Amino acid sequence: MALADDIARVLFTEAQIQDRIRAMAAQISRDYAATAPLLVSVLKGALYFMADLSRAITIPITIDFMAITSYGDETASTGAVRLIKDLDEKITGRHVLLVEDIIDTGLTADYLLRTLRARDPASLNICTLLDKAARRIVDTLPIQYRGFEVPDEFVVGYGLDHRQLYRNLPFIGVLKPEVVSASR
Ligand code: IMP
């Protein structure tokens, strides 16, 4: 049985995702032309987005990664996260762009921003592929670039997982309800 059989509906095809990423990368290349920004992303969800976005950017950049685990259940964020891998690079005085797969309640991004801001970067903004704005709790996030708005549904693919599966789907879709409920 193929992984894609568990998908009820495709929200964004591979071509739509790549088109949008090229447009975002062009904008970032213009906005940060003089600054050699540091792109910071969070494993594992943002892995594919970071890989494609960074390759589409045409100015000098550096990249770095953090890894976190969140407490709480799989489909709802509590905002309680633990840093399990910190950045390798110092960010003081750097122009930092936090590259996120999805911002849902915003609690995770808010935690990460507070951690990074304490290190005095020259600037700190967010680039997120997906924005589930209807569920936002923290509404002060500096989201400078957003790929797509998504409805209040659990989405998988292109890095996003359900119980660690589906990350390798090249598109983004909504899981069949029976797949979600069967694993509860
Ligand atoms: P937030 O703290 O509520 O903004 O949630 C952020 C994290 O929750 C994301 O980085 C994802 O790991 C996860 N998440 C939120 N919504 C979804 C979804 O629809 N599919 C997969 N993961 C999600």
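The values are calculated or read from the model by the stated rules, or taken from the named source; none is laboratory data. Every value quoted in this text rests on a predicted model; they were computed, and no experiment measured them. Backbone-built Cβ (ideal geometry, glycine too); neighbour counts: all protein chains shown. Just the protein is used for accessible areas: all its heavy atoms, side chains included, with ligands, DNA and RNA removed. Shrake-Rupley method; radii C 1.70, N 1.55, O 1.52, S 1.80 Å.
Take the chain, connect every pair of alpha-carbon atoms lying under 10 Å apart with a spring to form a Gaussian network, then pick out the residue of Leu83, Leu47, Leu11 with the largest mean-square fluctuation.
It is Leu83.
Each residue of region 167-176 in order: what ³J(HN,Hα) in whole Hz does its phi give by Karplus 6.51 cos²θ - 1.76 cosθ + 1.60, θ = phi - 60°, with x for Gly and Pro?
After applying 6.51 cos²θ - 1.76 cosθ + 1.60, I find 4, 8, 5, x, 10, 10, x, 9, 6, 5 Hz.
Work out how much length Arg20 to Thr140 would gain on full extension: take 0.36 nm times their residue separation and subtract the Cα-Cα distance, in nm to one decimal.
Going from the current span to full extension adds 40.8 nm.
Per residue, how much accessible surface does the chain expose to a 1.4 Å probe? Answer in Å², no decimals.
Counting only protein heavy atoms, the per-residue value for the chain is 48 Å².
Less than 17 Å apart at the alpha-carbon level, and either on another chain or at least 8 residues along: which lysines does that give for Lys176?
Leaving aside lysines fewer than 8 places away in the same chain, none come within reach of Lys176.
Find, among the chymotrypsin sites (Phe, Trp or Tyr not before Pro) in region 1-104, those assigned to loop by DSSP (not H, G, I, E, B) with at most 11 other beta-carbon atoms within 10 angstrom.
On the way: sites: Phe12, Tyr32, Tyr48, Phe49, Phe65, Tyr71; in loops: Tyr32, Tyr71.
For chymotrypsin sites (Phe, Trp or Tyr not before Pro) across region 1-104 that sit outside H, G, I, E and B with at most 11 neighbouring Cβ atoms in 10 Å, the list reads Tyr71.
Quick one: 3J(HN,Hα) in Hz for region 95-104, Karplus 6.51/-1.76/1.60 with θ = phi - 60°, rounded, Gly and Pro as x.
8, 10, 10, 7, 9, 10, 6, 8, 10, 10
How large a share of the accessible area of the chain, in percent, is made up of carbon and sulfur atoms when the probe is 1.4 Å and the other protein chains stay in place?
Result for the chain: 53 percent of the exposed heavy-atom area is carbon or sulfur.
Given 4 °C and 1.567 mPa s, how large is the Stokes-Einstein diffusion coefficient of the chain in µm²/s, with Rh as the Kirkwood radius over Cα pairs?
77
Contact order normalised by length for the chain, with contacts defined as Cα pairs under 8 Å and 6 or more residues apart; what percent is it? Please list the in-between numbers first.
On the way: 350 pairs, mean separation 44.8, N = 184.
Contact order relative to length: 24 percent.
May I ask you to list the aspartates and glutamates whose Cα is less than 14 Å away from that of Lys85, ignoring any residue fewer than eight positions away on the same chain?
Asp64
So how much slack lies between Gln164 and Ala8, counting 0.36 nm per residue of separation and subtracting their Cα-Cα distance, in nm?
In short, 54.3 nm is gained.
Compute the length gained on full extension between Thr62 and Ala122: take 0.36 nm times their separation in residues and subtract their Cα-Cα distance, giving the result in nm to one decimal.
20.1 nm
Antiparallel versus total DSSP beta bridges in region 3-182: what percent is that, nearest 5?
In region 3-182, approximately 35 percent of DSSP beta bridges are antiparallel ones.
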